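These notes concern the structure reproduced below.
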Amino acid sequence: MQEALEDLESDICGECDVCEVKAEVRDTDGSLELFIEAFAEDFLCLPSIESFEEVVSTILKKAGIQEWANQ
């Protein structure tokens, strides 16, 4: 999971000098929410939505959630 986030951050930092990617899981009223926040000095440095989807997919696979959701 950490590697997927680091790859995403590396993609952004390759385009801009100021960048950061954070992820957290929050428990909100009994449901879990996954937040991925990406920051760059210019929105043009941000990767495609597909790059974020890959990270989310990796996290869900590692947590065993994606397999359950596909059944």
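Taking amide H positions as modeled 1.01 Å from N, with prolines and chain starts lacking one, no residue 5 or more places away or on another chain lies under 5 Å from E15.
Here the Karplus curve 6.51 cos²θ - 1.76 cosθ + 1.60, taken at θ = phi - 60°, turns the phi angles of segment 8-21 into couplings of 4, 5, 5, 4, 5, 5, x, 9, 10, 6, 9, 7, 6, 10 Hz, with x standing for Gly and Pro.
Residues C16, C45 in ascending order of nearby Cβ atoms (within 10 Å, fewest first): C16, C45.
When you have a sec, figure out the Kirkwood radius of segment 2-69 from all distinct Cα pair distances and drop it here in Å to one decimal?
The answer is 12.8 Å.
Computed from phi, the 3J(HN,Hα) profile of segment 54-65 under the Karplus parametrisation 6.51, -1.76, 1.60 (θ = phi - 60°) reads 4, 5, 4, 4, 4, 5, 5, 5, 4, 7, x, 7 Hz, with x in place of Gly and Pro. Based on DSSP H segments of at least four residues, each scored -39500 (n - 2.57), the chain has a per-residue ellipticity at 222 nm of -13500 deg cm²/dmol.
Rule-based calculations on the coordinates, nothing more; no lab input. Since the structure is predicted, the reported quantities are computational estimates derived from the model, not experimental observations. Every residue, glycine as well, gets a Cβ built from its backbone with ideal geometry; the counts of neighbours run over all protein chains shown.
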